[in-house]
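Note sheet for the following structure.
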Amino acid sequence: MDIHEYQGKEILASYGVKVQRGHVANNPQEAVAMAKQLTAETGTGWHVIKAQVHAGGRGKGGGVKLAKNLQQVEELAEQIIGMQLITPQTSAEGKKVHKVLIAEDVYYPGESETSEFYMSVLLNRGKGRNMIMYSTEGGMDIEEVAEKTPHLIFTEEIDPAVGLQAFQARRIAFNLGLSGAAFKEMTQFVPALYNAYVGCDATMFEINPVLKTSDNKIIAVDAKVNLDDNALYRHPKYAEMRDIREENPIEVEAKAAGLNYVDLDGTVGCMVNGAGLAMATMDLIKYAGFEPANFLDVGGTADAKRVELAFRIILKDPNVKAILINIFGGIVRCDRVAQGVIDAYKNMGDSIKVPIIVRLQGTNAELAKEMIDNSGMPILSAVQFQEAADQVKKALGS
């Protein structure tokens, strides 16, 4: 589950991580009030207006602006709130901005130059260990840094038996070229960040940039956080941070209906029972020369009501040109699934305007195929994987 920057900073601050302070506002008038409050709390004279959407690269899309007075705070907030923000990490239509973060200016003049670093905590799945990835090239696209100057990307792997060690935090501070008070601050920042990552069951904490201020403080200026959905039952307060306006509406509807659905970019819709079979089905579609439009696992039951619901979810995607149903009849008999498909097709009438290919294998598979073939419905049946692939090609005229 993705959360907003201001929410990520709340989590970080609760674990002792120093962050760029700010308050969230839902309209220009609130933005001015929050700016006044922030000035009273921090003494900041300038304010940063930051769009709150689940995407990076907001500055490039015009979603991060600096206001030098309260009039600019109101004007910029009015510009940003309600805009369709397009960044390298959004779709072509972008994301609508519903709120902004009014943040303090942390690039104030002082005894030394400011420096920006990149830092993230995530799981190295290949080694089964958490790792800290960091770079001296903060404030930039880390993908570009990795491609053009990979020697500037450092990693620190954490042994799960002992956790993050003090010498590792010191090594990170040393590799970032810090010394003196800034070095000491970084050795405190790193373990606090790692504790936040572990403590809230995150799958990723990305801070870009981590800033060394002109007076040698180390603070998180940004916070891109993803929490593990499977662990939210342990963190009810974090579960409340979910903003469904930022999520794919089809995925939200499917989740509410108890369907495991992930929207993809292809043209062949999938309806499958079991995650492993779903992955194999997507491979099958690609083998046939097409791209899957979704991952959809209907689970152990596939009666008419559930199949109809799955049909309606899949067909909300205008890119779907065909639907492949691939069910293994173990928990549920194939003939029951076939009847569910037939009944769902009848109930939906003319709303199904794309070819349907059904592959049923398992208990009563032959009976199920016979039911499909004799239904009088324009449904193509298959038994073998290759046959299903051929039917997809046939249906799409390829």
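Odds and ends about this structure:
- Counting Lys and Arg as +1 and Asp and Glu as -1 over every other residue whose Cβ lies under 14 Å from the Cβ of residue 289, the net charge comes to +1.
- Spin-label model, residue 385/residue 171: points 7 Å from Cα along the beta carbon direction are separated by 4.3 nm.
- 13 Å beta-carbon shell around residue 279, net charge (K/R +1, D/E -1): -1
- Charged-residue dipole, Cβ positions (Lys, Arg, Asp, Glu), segment 339-397 about Cα centre, Debye nearest 20: 200
- Evaluated with a Cβ-only charge set (Lys, Arg +1; Asp, Glu -1), segment 258-398 carries a dipole of roughly 160 debye about its Cα centre, given to the nearest 20.
- Value of Rg to Rh for segment 1-59 (Rh from inverse mean 1/r over Cα pairs, i.e. Kirkwood): 0.97
- If you wrap the chain in the convex hull of its Cα atoms and look at it from every side, the mean projected area works out to 22.9 nm².
- Table column - 3J(HN,Hα) (Hz), segment 145-154, Karplus curve with 6.51, -1.76, 1.60, x for Gly and Pro: 4, 5, 6, 8, 9, x, 5, 8, 9, 10
- Seen from every direction in turn and averaged, the convex hull around the alpha carbons of segment 119-184 projects onto 5.0 nm².
- Between 379, 202, 17, the Cα set farthest toward the positive side of the dipole of the chain (charges on each charged residue's Cβ, about the Cα centre) is that of 379.
- Helix-only mean residue ellipticity at 222 nm for the chain, each DSSP H run of n ≥ 4 adding -39500 (n - 2.57), per residue, nearest 500: -11000 deg cm²/dmol
- The reciprocal of the average 1/r between distinct C-alpha atoms defines the Kirkwood hydrodynamic radius, which for segment 91-210 equals 16.0 Å.
- J(HN,Hα) series, segment 214-231, from Karplus relation 6.51 cos²θ - 1.76 cosθ + 1.60, nearest Hz, glycine and proline x: 5, 10, 6, 8, 10, 9, 8, 8, 10, 7, 10, 10, 10, 9, 6, 4, 5, 9
- Mean-position separation - Cα centroids, segment 250-322 and segment 337-389, in angstrom: 15
- Distant-in-sequence amide contacts of residue 362, defined by a placed amide H-H separation under 5 Å and a gap of 5 or more residues or a different chain, comprise 329.
- Ratio of Rg to Rh for segment 63-162: 1.08 [Cα atoms; Kirkwood radius as inverse mean 1/r over pairs].
- Additional length obtainable on full extension of the chain from residue 162 to residue 75, 0.36 nm per residue less Cα span: 26.2 nm
- Accessible area in the full protein assembly, largest first, 1.4 Å probe, for 143, 30, 113: 113, 143, 30
- Counted over all Cα-Cα pairs of segment 155-291, pairs farther apart than 26 Å make up 49 percent.
- Neighbourhood net charge (14 Å Cβ-Cβ; Lys/Arg +1, Asp/Glu -1) for residue 141: -3
- Taking amide hydrogens as placed 1.01 Å from N in the peptide plane, the amide H of residue 98 sits under 5 Å from those of 52, 82, each at least 5 positions away in sequence or on another chain.
- Overall, the ratio between the Cα radius of gyration of segment 1-122 and 2.2 N^0.38 Å, rounded to two decimals, is 1.06.
- In this structure residue 206 has an accessible area near 40 Å², from a 1.4 Å probe over the protein heavy atoms.
- Whole-Å distance, taken between Cα centres, linking segment 24-50 and segment 122-163: 34
- Cα-based helix-to-principal-axis angle, 304-315 vs the chain, degrees rounded to 10: 60
- Note, ³J(HN,Hα) from phi for segment 362-373, Karplus 6.51, -1.76, 1.60, rounded to Hz, x at Gly and Pro: x, 4, 6, 5, 5, 4, 4, 4, 5, 5, 5, 5
- Most tightly packed first, judged by the mean number of other beta-carbon atoms within 10 Å of their residues, the peptides 291-297, 344-350 read 291-297, 344-350.
- All lysines inside 20 Å of residue 65 as judged from Cα atoms, apart from same-chain residues fewer than 8 positions distant: 9, 36, 50, 95, 96, 99, 224
- Length added when fully stretched, residue 348-residue 312, from 0.36 nm per residue minus Cα-Cα: 12.1 nm
- Helix 385-395 axis, angle to the chain major axis (alpha carbon atoms, nearest 10°): 90
- For the chain, the longest principal axis of the C-alpha atoms and the axis of helix 334-348 are separated by about 80°.
- Among the GluC sites (Glu not before Pro) found in segment 239-300, those both in a DSSP coil and sparsely packed, with 12 or fewer other Cβ atoms within 10 Å of their Cβ, are 240.
- Accessible-area value, residue 14, 1.4 Å probe, nucleic acids and ligands omitted, Å²: 80
- Taking the square roots of 5 times each eigenvalue of the Cα gyration tensor of segment 302-388, largest first, gives ellipsoid semi-axes of 20, 14, 12 Å.
- Under a 5 Å amide H cut-off, with hydrogens placed 1.01 Å from N, residue 321 pairs with 268, 269 among residues at least 5 apart or on other chains.
- Charges were assigned to the Cβ only: +1 to each Lys and Arg, -1 to each Asp and Glu. The resulting dipole of segment 116-170 about its Cα centre is roughly 320 debye.
- The protection proxy used here, the mean number of other Cβ atoms lying within 10 Å of each residue, ranks peptides 308-321, 160-173, 328-341 as follows, highest first: 328-341, 308-321, 160-173.
- In this simple spin-label model, placing a label point 7 Å from the Cα along the Cα-to-Cβ direction at both residue 287 and residue 141 gives a separation of 3.5 nm.
The values are calculated or read from the model by the stated rules, or taken from the named source; none is laboratory data. Since this is a predicted model, take the numbers as computed values, not measurements. Every residue, glycine among them, receives a Cβ derived from its backbone with ideal geometry; neighbour counts consider all protein chains shown. Each accessible area value is taken on the protein alone, full model and side chains, heavy atoms only, with ligands, DNA and RNA left out. Shrake-Rupley method; radii C 1.70, N 1.55, O 1.52, S 1.80 Å.
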